[in-house]
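The values are calculated or read from the model by the stated rules, or taken from the named source; none is laboratory data. None of these values were measured; they are calculated from a predicted model. Cβ placement follows ideal geometry from the backbone for every residue including glycine, while neighbour counts extend to all protein chains displayed. Note: areas computed on protein heavy atoms with side chains; ligands, DNA, RNA excluded. Shrake-Rupley method; radii C 1.70, N 1.55, O 1.52, S 1.80 Å.
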Amino acid sequence: GCINLNSITIPENVTSIGYDAFKDCNGLKTANFESLASLCRISFNNPYSNPLYLTHNLYIDNELITDLIIPGNVGGIGDYVFLDCTSLTSVTIPGNVANIGNHAFQYCSKIKALTLSEGIGKIGNSAFRGCSGIKTLTIPNSVISIGADAFSGCSGMTVFDLQNGIESIGLYAFSCCSGLDSIYIPNSVKEIGVNAFEDCTKLKTVTITNSGTIIYSSVFGGCKNISKVYCTMETPCYLHPNAFDSTVYEKAQLFIPINTADSYKSSEWNLFGIMEEMEYLAAANREYTSIDSNHQTESIDVFNTKGLRIRHINPRESFNLDELPTGIYIIKTESKTYKIINR
């Protein structure tokens, strides 16, 4: 309630700030921290214990920070550390950061570029909630779990790349990410929480790869534009009957591996009115690391997931899949078609 307080400097030896410490300090305009590393380690007890929640601009040693790079001596980012810090336009988090705390970057709405590096283990609840400026997101395969609401409301996100390694996707984790048009769930995912992708209104394509994945209620609730669902597993995974909207069950196409229709029809997946077996899906979980160009006598075409041909390889032409960026591709020869994941 110090209404006349307009600036404050937090020294680097501060390790915790108590509950509601700066509540109703409505005149506070500038919060300066002596050290970025020490800021990341401060234990904030709630939003009003962090002056950044009121000032919105991050100053480190009296310098305004817009492009944030977490230093190499930081092992983790605490709760509420950068909450509602709208001066940030880019954030780079290196692999030495094991955990990103709850609400750590919540409502940092002007972040356009977010780089998460290999080595990060956990992303906390609401860690990037409401970061509507983020356009692309790659979750490295070192990340084991994504917390509840972690990326909910990231409405500007159009490219989403979830690497193999993630085991748990929390409830509402990507809800209201209205810019996404496709989602690929890698083989490592064991459970997808309630409402995890709810109201991703532009979502058209979903790919699921692991028969051990549990898909809970309303995971894709409100995603009425889903038109294609690809299941690459020969044994269907658990699907809650309310995971998709009824209109999706009626109109969307479910593509499954060859000779698996009986298994899918005897499970909750039979809610899909249109079910089609596809031969290439049977090979989707196999690992291909190279094409033996010394012996291949057929031409090869490489397509991206949008169906655009990005590479043509002539017979006996030298080629290795490692030349392609990490991603999902359709490899078509004259006799066979494969779906591959290049990690």
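Overview of values
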quantity: Diffusion constant of the stretch 32-99 at 37 °C, which comes from Stokes-Einstein with the Kirkwood Cα-pair radius and 0.692 mPa s, µm²/s; calculated: 271
quantity: Glu63-Thr326 FRET efficiency (beta carbon distance; Förster radius 41 Å; 0.05 resolution); calculated: 0.70
quantity: Calculated FRET efficiency for the pair His312/Lys251, C-beta based, R₀ 25 Å, to 0.05; calculated: 0.10
quantity: Inter-part distance where the stretch 222-248 and the stretch 80-158 are each reduced to a Cα centre, Å; calculated: 27
quantity: Neighbour cut-off at most 13 other Cβ (10 Å), DSSP loop, chymotrypsin sites (Phe, Trp or Tyr not before Pro), the stretch 1-93; calculated: Tyr19
quantity: Protection proxy ranking of 304-311, 175-182, 69-76, 146-153 - average other beta-carbon atoms within 10 Å, highest first; calculated: 146-153, 175-182, 69-76, 304-311
quantity: Counted charge near Tyr172, where neighbours are those whose Cβ lies closer than 11 Å (Asp, Glu -1; Lys, Arg +1); calculated: -2
quantity: Added length on full extension, which subtracts the Cα-Cα distance from 0.36 nm per residue, Ser211 to Ser35; calculated: 58.6 nm
quantity: Accessible area in the full protein assembly, largest first, 1.4 Å probe, for Leu271, Leu52; calculated: Leu271, Leu52
quantity: Segment Val159-Glu118, extension gain: residue separation times 0.36 nm, minus the distance between their alpha carbons; calculated: 12.9 nm
quantity: Above-threshold pairs, the threshold being 28 Å between Cα atoms, out of Lys135/Lys306; Lys204/Lys332; Lys112/Lys339; Lys190/Lys332; Lys23/Lys202; calculated: Lys112/Lys339; Lys190/Lys332; Lys23/Lys202
quantity: For the chain, with +1 on Lys and Arg beta carbons and -1 on Asp and Glu, the positive-most of Ala252, Pro236, Trp269 along the dipole; calculated: Ala252
quantity: Spacing of the two label points (7 Å from each Cα toward its C-beta) at Ser266 and Ile3, in nm; calculated: 7.2
quantity: Efficiency of FRET from Cβ geometry, Asn259 and Lys190, R₀ 41 Å, rounded to 0.05; calculated: 0.95
quantity: Glu167 accessible area, assembled protein chains, probe 1.4 Å, Å²; calculated: 70
quantity: Surface accessible to a 1.4 Å probe, His312 within the full protein complex, Å²; calculated: 70
quantity: Size of charge dipole - the chain - debye, nearest 20, with Cβ of Lys, Arg +1 and Asp, Glu -1, no other charges; calculated: 480
quantity: Residue-count net charge about His240 - beta-carbon cut-off 14 Å; Lys, Arg +1, Asp, Glu -1; calculated: -4
quantity: Calculated percent of Cα pairs over 29 Å apart (choose from (1) 59; (2) 40; (3) 47), label; calculated: (3)
quantity: Label point at Tyr238 placed 7 Å out along Cα→Cβ; residues across the stretch 200-223 whose backbone nitrogen lies under 15 Å; calculated: 210-219
